[in-house]
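S.K.: Sharing a structure with you now.
The values are calculated or read from the model by the stated rules, or taken from the named source; none is laboratory data. Worth saying up front: this structure is predicted, and the values here are computed from it rather than measured. Note: accessible area is taken over every heavy atom of the protein model, side chains too, but ligands, DNA and RNA are not part of it. Shrake-Rupley method; radii C 1.70, N 1.55, O 1.52, S 1.80 Å.
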Amino acid sequence: MKIVQMLPPAIVISVLVYACYIFYKHYVLTARSLQASLDWIRQTVMTMHEGGEDVRKSGLSKVFQGSILQENWMDFAKTLHEQTVVHPTGGTTKRYRMTSPVSAFFTAASVIDKPLRVNYFKHLPGILTGIGIIGTFSGLLFGLSNFDASSPEVISQSVSLLLAGVRDAFYASAFAITAAMVVTHVEKLFYQRCLTSLDELNDCVSRMFEGGVHEEYLAKLAHTVHDPAEQARQVREELNRALMPLIQGLEKSQQNMADTICDAISRALGNANNKLSSQIENALQRQVKAPIDALGNQLLNKQLASADQKQDLARKIVRAQQEQQSAAVEKRSEAA
(Lines give C-alpha, C1' and ligand atoms only; values in the text may rest on other atoms or scores of the structure.)
Protein backbone atom coordinates (compact mmCIF):
# COMPACT_ATOMS: atom_id res chain seq x y z
CA MET A 1 0.00 0.00 0.00
CA LYS A 2 2.80 2.36 0.88
CA ILE A 3 4.49 1.68 -2.47
CA VAL A 4 1.27 2.61 -4.30
CA GLN A 5 1.03 5.87 -2.39
CA MET A 6 4.64 6.70 -3.30
CA LEU A 7 3.90 6.28 -7.00
CA PRO A 8 2.45 9.78 -7.69
CA PRO A 9 5.30 11.66 -5.96
CA ALA A 10 7.85 9.49 -7.77
CA ILE A 11 6.24 10.23 -11.14
CA VAL A 12 6.10 13.96 -10.35
CA ILE A 13 9.76 14.04 -9.30
CA SER A 14 10.81 12.14 -12.44
CA VAL A 15 8.90 14.51 -14.72
CA LEU A 16 10.33 17.53 -12.96
CA VAL A 17 13.90 16.25 -13.22
CA TYR A 18 13.46 15.53 -16.92
CA ALA A 19 11.90 18.97 -17.55
CA CYS A 20 14.75 20.69 -15.71
CA TYR A 21 17.29 18.74 -17.77
CA ILE A 22 15.58 19.77 -21.02
CA PHE A 23 15.48 23.38 -19.83
CA TYR A 24 19.18 23.37 -19.00
CA LYS A 25 20.20 21.69 -22.25
CA HIS A 26 18.04 23.58 -24.73
CA TYR A 27 17.73 26.97 -23.03
CA VAL A 28 20.56 27.66 -20.59
CA LEU A 29 23.36 26.32 -22.76
CA THR A 30 21.89 27.92 -25.89
CA ALA A 31 21.48 31.26 -24.10
CA ARG A 32 25.12 31.17 -22.93
CA SER A 33 26.32 30.43 -26.44
CA LEU A 34 24.11 33.18 -27.91
CA GLN A 35 25.30 35.73 -25.36
CA ALA A 36 28.94 34.80 -26.01
CA SER A 37 28.41 35.21 -29.78
CA LEU A 38 26.74 38.60 -29.36
CA ASP A 39 29.51 39.82 -27.04
CA TRP A 40 32.22 38.63 -29.43
CA ILE A 41 30.58 40.36 -32.39
CA ARG A 42 30.13 43.56 -30.32
CA GLN A 43 33.77 43.58 -29.23
CA THR A 44 34.90 43.01 -32.81
CA VAL A 45 32.70 45.82 -34.10
CA MET A 46 34.04 48.19 -31.46
CA THR A 47 37.54 47.79 -32.91
CA MET A 48 36.42 48.89 -36.40
CA HIS A 49 35.66 52.59 -35.81
CA GLU A 50 38.82 53.63 -37.64
CA GLY A 51 38.77 53.98 -41.42
CA GLY A 52 36.20 55.04 -43.97
CA GLU A 53 32.60 53.95 -44.01
CA ASP A 54 33.17 51.77 -47.08
CA VAL A 55 35.92 49.94 -45.16
CA ARG A 56 33.61 49.58 -42.18
CA LYS A 57 30.83 48.16 -44.31
CA SER A 58 33.10 45.55 -45.90
CA GLY A 59 34.57 44.70 -42.48
CA LEU A 60 31.14 44.26 -40.91
CA SER A 61 30.14 41.98 -43.79
CA LYS A 62 33.09 39.74 -42.98
CA VAL A 63 32.29 39.80 -39.24
CA PHE A 64 28.63 38.85 -39.70
CA GLN A 65 29.36 36.28 -42.42
CA GLY A 66 28.63 32.79 -41.14
CA SER A 67 27.21 34.06 -37.83
CA ILE A 68 23.67 33.85 -36.49
CA LEU A 69 23.14 37.48 -37.56
CA GLN A 70 24.15 37.08 -41.21
CA GLU A 71 20.64 37.37 -42.65
CA ASN A 72 19.83 40.32 -40.37
CA TRP A 73 22.99 42.13 -41.51
CA MET A 74 22.23 41.47 -45.18
CA ASP A 75 18.75 42.97 -44.78
CA PHE A 76 20.16 46.00 -42.98
CA ALA A 77 22.97 46.48 -45.53
CA LYS A 78 20.37 46.83 -48.30
CA THR A 79 18.99 49.94 -46.58
CA LEU A 80 22.33 51.76 -46.44
CA HIS A 81 22.34 54.75 -48.82
CA GLU A 82 25.55 55.06 -50.81
CA GLN A 83 26.91 58.55 -51.44
CA THR A 84 29.94 59.71 -53.43
CA VAL A 85 31.80 62.59 -51.80
CA VAL A 86 33.96 64.79 -54.06
CA HIS A 87 36.98 66.34 -52.30
CA PRO A 88 38.44 69.74 -53.20
CA THR A 89 41.60 68.00 -54.35
CA GLY A 90 39.63 66.07 -56.97
CA GLY A 91 39.43 62.69 -55.27
CA THR A 92 36.21 60.88 -54.40
CA THR A 93 35.24 58.62 -51.52
CA LYS A 94 32.17 56.56 -50.77
CA ARG A 95 30.12 56.93 -47.64
CA TYR A 96 27.04 55.10 -46.39
CA ARG A 97 24.12 56.69 -44.56
CA MET A 98 21.51 54.86 -42.51
CA THR A 99 17.94 55.11 -43.75
CA SER A 100 16.50 52.73 -41.11
CA PRO A 101 17.47 52.06 -37.50
CA VAL A 102 19.57 48.99 -36.74
CA SER A 103 17.09 47.84 -34.10
CA ALA A 104 14.46 47.37 -36.82
CA PHE A 105 16.51 44.46 -38.22
CA PHE A 106 18.44 43.14 -35.20
CA THR A 107 15.28 42.50 -33.22
CA ALA A 108 14.85 40.33 -30.14
CA ALA A 109 12.18 38.29 -31.91
CA SER A 110 14.55 37.17 -34.68
CA VAL A 111 17.85 37.07 -32.78
CA ILE A 112 16.86 35.81 -29.32
CA ASP A 113 13.33 34.40 -29.26
CA LYS A 114 13.74 32.05 -32.20
CA PRO A 115 16.95 30.18 -31.17
CA LEU A 116 15.98 30.08 -27.48
CA ARG A 117 12.41 28.87 -28.17
CA VAL A 118 11.12 31.48 -25.79
CA ASN A 119 7.49 30.86 -26.72
CA TYR A 120 7.74 27.40 -25.14
CA PHE A 121 10.10 27.89 -22.21
CA LYS A 122 8.28 30.96 -20.88
CA HIS A 123 5.30 28.65 -20.22
CA LEU A 124 7.41 25.90 -18.64
CA PRO A 125 7.06 27.22 -15.03
CA GLY A 126 3.27 27.06 -15.32
CA ILE A 127 3.53 23.53 -16.65
CA LEU A 128 5.74 22.49 -13.71
CA THR A 129 3.32 24.03 -11.22
CA GLY A 130 0.45 22.17 -12.84
CA ILE A 131 2.36 18.91 -12.61
CA GLY A 132 2.93 19.49 -8.87
CA ILE A 133 -0.78 20.17 -8.31
CA ILE A 134 -1.70 17.03 -10.24
CA GLY A 135 0.74 15.04 -8.09
CA THR A 136 -0.85 16.41 -4.90
CA PHE A 137 -4.36 15.48 -5.94
CA SER A 138 -3.17 12.07 -7.15
CA GLY A 139 -1.63 11.34 -3.74
CA LEU A 140 -4.84 12.37 -2.00
CA LEU A 141 -6.95 10.22 -4.30
CA PHE A 142 -4.71 7.19 -3.78
CA GLY A 143 -4.89 7.65 0.04
CA LEU A 144 -8.64 8.14 0.10
CA SER A 145 -9.31 5.22 -2.21
CA ASN A 146 -7.43 2.88 0.12
CA PHE A 147 -8.93 4.24 3.36
CA ASP A 148 -10.56 1.47 5.44
CA ALA A 149 -12.97 2.32 8.30
CA SER A 150 -13.99 -1.20 9.29
CA SER A 151 -12.38 -1.11 12.75
CA PRO A 152 -10.56 1.40 14.98
CA GLU A 153 -7.21 -0.32 14.46
CA VAL A 154 -7.62 -0.31 10.69
CA ILE A 155 -8.79 3.29 10.79
CA SER A 156 -5.69 4.32 12.72
CA GLN A 157 -3.46 2.50 10.23
CA SER A 158 -5.31 3.98 7.22
CA VAL A 159 -5.08 7.49 8.67
CA SER A 160 -1.34 7.14 9.16
CA LEU A 161 -0.94 5.89 5.58
CA LEU A 162 -3.18 8.69 4.29
CA LEU A 163 -1.18 11.34 6.12
CA ALA A 164 2.07 9.86 4.84
CA GLY A 165 0.75 9.91 1.28
CA VAL A 166 -0.49 13.48 1.65
CA ARG A 167 2.88 14.51 3.08
CA ASP A 168 4.76 12.99 0.16
CA ALA A 169 2.33 14.58 -2.31
CA PHE A 170 2.84 18.02 -0.73
CA TYR A 171 6.60 17.50 -0.82
CA ALA A 172 6.37 16.78 -4.56
CA SER A 173 4.14 19.82 -5.07
CA ALA A 174 6.56 22.01 -3.10
CA PHE A 175 9.45 20.70 -5.19
CA ALA A 176 7.51 21.44 -8.39
CA ILE A 177 6.70 25.00 -7.28
CA THR A 178 10.32 25.56 -6.28
CA ALA A 179 11.51 24.23 -9.64
CA ALA A 180 9.04 26.51 -11.43
CA MET A 181 10.32 29.54 -9.54
CA VAL A 182 13.94 28.64 -10.28
CA VAL A 183 13.18 28.06 -13.97
CA THR A 184 11.34 31.40 -14.15
CA HIS A 185 14.27 33.23 -12.54
CA VAL A 186 16.91 31.58 -14.75
CA GLU A 187 14.84 32.06 -17.92
CA LYS A 188 14.32 35.77 -17.27
CA LEU A 189 17.94 36.24 -16.19
CA PHE A 190 19.47 34.73 -19.33
CA TYR A 191 16.90 36.39 -21.57
CA GLN A 192 17.74 39.78 -20.08
CA ARG A 193 21.45 39.15 -20.53
CA CYS A 194 20.98 38.27 -24.19
CA LEU A 195 18.72 41.30 -24.65
CA THR A 196 21.34 43.58 -23.09
CA SER A 197 24.07 42.18 -25.35
CA LEU A 198 21.83 42.70 -28.38
CA ASP A 199 21.09 46.32 -27.42
CA GLU A 200 24.80 47.03 -26.97
CA LEU A 201 25.52 45.46 -30.37
CA ASN A 202 22.81 47.62 -31.99
CA ASP A 203 24.38 50.73 -30.46
CA CYS A 204 27.84 49.76 -31.77
CA VAL A 205 26.55 49.13 -35.30
CA SER A 206 24.54 52.38 -35.23
CA ARG A 207 27.68 54.35 -34.39
CA MET A 208 29.43 52.93 -37.45
CA PHE A 209 27.22 54.91 -39.87
CA GLU A 210 25.65 58.34 -39.82
CA GLY A 211 21.95 59.01 -40.27
CA GLY A 212 20.08 62.09 -41.35
CA VAL A 213 19.69 61.14 -45.00
CA HIS A 214 15.95 61.81 -44.80
CA GLU A 215 16.59 65.44 -43.84
CA GLU A 216 18.85 65.87 -46.87
CA TYR A 217 16.20 64.41 -49.14
CA LEU A 218 13.60 66.79 -47.67
CA ALA A 219 15.93 69.75 -48.19
CA LYS A 220 16.51 68.77 -51.82
CA LEU A 221 12.78 68.32 -52.29
CA ALA A 222 12.06 71.75 -50.83
CA HIS A 223 14.68 73.33 -53.10
CA THR A 224 13.17 71.58 -56.09
CA VAL A 225 9.68 72.74 -55.20
CA HIS A 226 10.82 76.38 -55.05
CA ASP A 227 12.38 76.09 -58.51
CA PRO A 228 9.59 75.35 -61.06
CA ALA A 229 11.92 75.29 -64.04
CA GLU A 230 14.22 72.78 -62.38
CA GLN A 231 11.24 70.75 -61.30
CA ALA A 232 9.81 70.71 -64.82
CA ARG A 233 13.19 69.71 -66.24
CA GLN A 234 13.55 66.86 -63.76
CA VAL A 235 10.00 65.69 -64.45
CA ARG A 236 10.70 65.76 -68.19
CA GLU A 237 13.92 63.81 -67.75
CA GLU A 238 12.22 61.28 -65.53
CA LEU A 239 9.41 60.88 -68.04
CA ASN A 240 11.90 60.46 -70.86
CA ARG A 241 13.85 57.84 -68.93
CA ALA A 242 10.64 56.06 -67.97
CA LEU A 243 9.00 56.20 -71.41
CA MET A 244 12.08 55.53 -73.55
CA PRO A 245 12.12 51.75 -72.94
CA LEU A 246 8.37 51.65 -73.58
CA ILE A 247 8.68 53.59 -76.83
CA GLN A 248 11.57 51.42 -78.00
CA GLY A 249 9.58 48.34 -77.18
CA LEU A 250 6.55 49.65 -79.10
CA GLU A 251 8.71 50.52 -82.13
CA LYS A 252 10.27 47.10 -82.10
CA SER A 253 6.90 45.37 -81.77
CA GLN A 254 5.45 47.52 -84.58
CA GLN A 255 8.42 46.74 -86.82
CA ASN A 256 8.03 43.02 -86.11
CA MET A 257 4.31 43.25 -86.78
CA ALA A 258 4.90 45.13 -90.07
CA ASP A 259 7.46 42.54 -91.18
CA THR A 260 5.04 39.76 -90.33
CA ILE A 261 2.20 41.45 -92.26
CA CYS A 262 4.44 42.06 -95.30
CA ASP A 263 5.55 38.45 -95.31
CA ALA A 264 1.97 37.27 -95.05
CA ILE A 265 0.82 39.61 -97.86
CA SER A 266 3.74 38.51 -100.07
CA ARG A 267 2.94 34.86 -99.52
CA ALA A 268 -0.77 35.48 -100.16
CA LEU A 269 -0.09 37.48 -103.36
CA GLY A 270 2.36 34.85 -104.60
CA ASN A 271 -0.17 32.08 -104.08
CA ALA A 272 -2.90 34.17 -105.73
CA ASN A 273 -0.67 34.95 -108.75
CA ASN A 274 0.22 31.30 -109.16
CA LYS A 275 -3.42 30.28 -109.01
CA LEU A 276 -4.43 33.08 -111.45
CA SER A 277 -1.67 32.13 -113.91
CA SER A 278 -2.70 28.50 -113.85
CA GLN A 279 -6.36 29.47 -114.30
CA ILE A 280 -5.53 31.82 -117.24
CA GLU A 281 -3.39 29.13 -118.83
CA ASN A 282 -6.17 26.57 -118.51
CA ALA A 283 -8.72 29.06 -119.86
CA LEU A 284 -6.50 29.92 -122.83
CA GLN A 285 -6.01 26.29 -123.55
CA ARG A 286 -9.74 25.70 -123.45
CA GLN A 287 -10.78 28.86 -125.33
CA VAL A 288 -7.97 29.27 -127.90
CA LYS A 289 -6.41 25.91 -128.55
CA ALA A 290 -9.68 24.14 -129.41
CA PRO A 291 -10.78 26.72 -132.07
CA ILE A 292 -7.29 26.80 -133.54
CA ASP A 293 -7.28 23.02 -133.79
CA ALA A 294 -10.75 23.11 -135.40
CA LEU A 295 -9.65 25.80 -137.90
CA GLY A 296 -6.55 23.81 -138.75
CA ASN A 297 -8.66 20.73 -139.37
CA GLN A 298 -10.99 22.76 -141.64
CA LEU A 299 -8.06 24.16 -143.62
CA LEU A 300 -6.60 20.70 -143.96
CA ASN A 301 -9.91 19.38 -145.18
CA LYS A 302 -10.22 22.23 -147.68
CA GLN A 303 -6.68 21.61 -148.95
CA LEU A 304 -7.47 17.94 -149.39
CA ALA A 305 -10.71 18.80 -151.17
CA SER A 306 -8.97 21.29 -153.56
CA ALA A 307 -6.31 18.71 -154.34
CA ASP A 308 -9.00 16.17 -155.25
CA GLN A 309 -10.73 18.78 -157.42
CA LYS A 310 -7.45 19.56 -159.21
CA GLN A 311 -6.85 15.86 -159.88
CA ASP A 312 -10.39 15.49 -161.31
CA LEU A 313 -9.90 18.56 -163.52
CA ALA A 314 -6.55 17.23 -164.78
CA ARG A 315 -8.14 13.88 -165.57
CA LYS A 316 -10.94 15.67 -167.43
CA ILE A 317 -8.46 17.77 -169.42
CA VAL A 318 -6.41 14.66 -170.33
CA ARG A 319 -9.58 12.86 -171.34
CA ALA A 320 -10.69 15.81 -173.51
CA GLN A 321 -7.28 15.95 -175.20
CA GLN A 322 -7.41 12.24 -175.85
CA GLU A 323 -10.87 12.62 -177.34
CA GLN A 324 -9.70 15.49 -179.58
CA GLN A 325 -6.73 13.46 -180.74
CA SER A 326 -8.98 10.53 -181.48
CA ALA A 327 -11.35 12.75 -183.46
CA ALA A 328 -8.46 14.28 -185.41
CA VAL A 329 -7.15 10.83 -186.25
CA GLU A 330 -10.53 9.76 -187.46
CA LYS A 331 -10.86 12.84 -189.67
CA ARG A 332 -7.46 12.30 -191.22
CA SER A 333 -8.31 8.69 -191.88
CA GLU A 334 -11.60 9.71 -193.51
CA ALA A 335 -9.88 12.31 -195.64
CA ALA A 336 -7.35 9.80 -196.85
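S.K.: Convex hull over the alpha-carbon atoms of the stretch 7-74: what's its volume per residue in Å³?
M.R.: Details: hull volume 5.2 nm³, N = 68.
Given the Cα convex hull of the stretch 7-74, per-residue volume reads 77 Å³.
S.K.: Step through the table entries LYS25/LYS114; LYS57/LYS122; LYS114/LYS188, compare each Cα-Cα distance with 27 Å, and write down the pairs that go over it. Don't skip to the answer; put the middle values down first.
M.R.: Details: LYS25/LYS114 16 Å; LYS57/LYS122 37 Å; LYS114/LYS188 15 Å.
Beyond 27 Å between Cα atoms: LYS57/LYS122.
S.K.: Keeping every protein chain present and rolling a 1.4 Å probe, give me the accessible area per residue for the stretch 234-336 in Å². Present the calculation step by step, with values, prior to reporting the outcome.
M.R.: On the way: 9260 Å² over 103 residues.
Per-residue accessible area for the stretch 234-336 comes out at 90 Å².
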